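Colleague: This structure is in structure tokens; I'll ask about it shortly.
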Amino acid sequence: MAERKFEALNVPPDVVEKGGVEILRASVSEGAVSIALRRAFDDPFTWGVLLVDLARHAARIYAMETDLSEDEAMREIVAGIQAELEDPSDPGSTQAIN
């Protein structure tokens with residue numbers, strides 16, 4: 001049987017230097033997304049800001065690694081968000097583990 005391996009990202013350099021707390025970890029396993037997170041903010045509004053910031057970073061990565069522009073990638077990401085908000089593919093479940 002082949003050894004199963006988890007490929008973790010490196011901790012961002014500024015966090016290594018200044019310290020911090022991990023608030024979100026998202027992984028893909030067998031085609032499904034698995035999430036670990038902590039509430040982290042007093043106001044849920046801040047999660048909206050964080051999610052848009054994540055989308056911008058993802059759009060930049062697509063622009064660097066594919067033929068899509070950052071704007072095209074962002075439009076596709078926003079379309080995916082809107083589609084998932086309107087008709088969730090898997091609402092899943094959430095447990096406080098940490």
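The values are calculated or read from the model by the stated rules, or taken from the named source; none is laboratory data. Since the model is a prediction, treat every value here as computed from it, not as a measurement. As a convention, Cβ positions derive from the backbone with ideal geometry for all residues, glycine included, and neighbour counts pool all protein chains shown. For accessibility, only protein heavy atoms count, side chains too; no ligands or nucleic acids. Shrake-Rupley method; radii C 1.70, N 1.55, O 1.52, S 1.80 Å.
Colleague: Out of everything in segment 1-49 that is touching a Leu at 6+ places or on another chain (Cβ under 8 Å) and not in a loop (DSSP other than H, G, I, E, B), what residue ends up being surrounded by the most Cβ atoms within 10 Å (Cβ to Cβ)?
Modeller: L37
Colleague: Out of all the residues in segment 59-98, which are touching a helix residue (DSSP H, G or I) at 6+ places or on another chain (Cβ under 6 Å) and assigned to a helix (DSSP H, G or I)?
Modeller: A59, R60, Y62, A63, E70, A73, M74, I77
Colleague: Still on this structure, please answer the following. Anything in segment 67-98 that is open to solvent by less than 60 Å² (accessible area, probe 1.4 Å) and at pLDDT 95 or above? List them, or say none. Full working, then the answer.
Modeller: From segment 67-98, those open to solvent by less than 60 Å² (accessible area, probe 1.4 Å) are 69, 73-74, 77, 79-80, 83, 92; that's our starting set.
The answer is S69, A73, M74, I77, A79, G80, A83.
Colleague: Six or more apart or on different chains, Cβ atoms under 9 Å: show the pairs whose first residue is in segment 37-51 and in contact (Cβ under 8 Å) with a residue 12 or more places away in the chain and farther than 15 Å from E22 by Cα and whose second is open to solvent by less than 80 Å² (accessible area, probe 1.4 Å) and not acidic (D, E).
Modeller: The qualifying pairs do not exist here.
Colleague: Filter segment 55-66 for residues that are free of Cβ contacts under 8 Å to residues at least 24 places away in the same chain and not aromatic (F, W, Y) and give the result. Break it down into steps so the answer makes sense when it comes.
Modeller: Residues of segment 55-66 that are free of Cβ contacts under 8 Å to residues at least 24 places away in the same chain, as a first pass: 56-66.
Matches in segment 55-66: R56, H57, A58, A59, R60, I61, A63, M64, E65, T66.
Colleague: Quick check on S93: is it closer than 29 Å to K5 by Cα, polar (S, T, N, Q) and more than 16 Å from the chain's Cα centre (by Cα)? First the steps, then the outcome.
Modeller: Details: closer than 29 Å to K5 by Cα: yes; polar (S, T, N, Q): yes; more than 16 Å from the chain's Cα centre (by Cα): yes.
The answer is yes for S93.
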